[in-house]
């Protein structure tokens, strides 16, 4: 796989994942609806910052590990593939009918309390790190240094997320209404589950 092919495949998969509503989306929509666009964007920036911290940690640790050990590469490949298959099967078989865009306590303090809330939402969620470890290595092109390229993928993911959050914030009412429809949530969950299953199989069968 070339660098161009890897980036194209990652952007396609990450784009769909970015559109799928989750805890981060709920936090940003709540901030937009209750506190206004400025605080919503600060929350989105905090979310992106948390992803970058996880991305850097995964890139540094995973890059060194993959470069040093064939056994570690094989173990990670099988563990990551199994994790993605499990996530995908759950999304396909048990999609949600709705996601909570209004739950959670309002953070105390001023504008930057929302940025802190967004940052901590991701930093205190080890599932983000597990997901990055499972997902990002699949898009390593032949001959590319693992650490820097994985961090580049994390940067791309964060940029896509911030662009999507900006769109959500600019059109809070209609997009929030669409994401509140059970059929839309079920479709996004199943589509994302299909992506997880496909890439889980690809990861398990991938050779170094």
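Could I have the simple spin-label model distance between residue 1 and residue 79, label points 7 Å from Cα toward Cβ, reported in nm to one decimal?
For the pair residue 1/residue 79, the computed spacing is 2.0 nm.
Which FRET efficiency value, to the nearest 0.05, is calculated for residue 123 and residue 71 with the Förster distance at 41 angstrom and r the Cβ-Cβ distance? Write down the numbers at each step before the final one.
On the way: r = 30 Å, r/R0 = 0.73.
E(calc), rounded to 0.05, equals 0.85.
Could you check the simple spin-label distance between residue 159 and residue 90, using points 7 Å along Cα→Cβ, in nm with one decimal?
In this crude label model, residue 159 to residue 90 measures out at 3.1 nm.
Rank-order 156-167, 5-16 by packing density, defined as the average count of other C-beta atoms within 10 Å over each peptide's residues, highest first.
With the highest mean Cβ count within 10 Å placed first, the list reads 156-167, 5-16.
Just so you know, all these numbers are worked out from the coordinates, no wet-lab data involved. Owing to the predicted nature of the structure, the values given are computational and were not obtained by experimental measurement. Backbone-built Cβ (ideal geometry, glycine too); neighbour counts: all protein chains shown.
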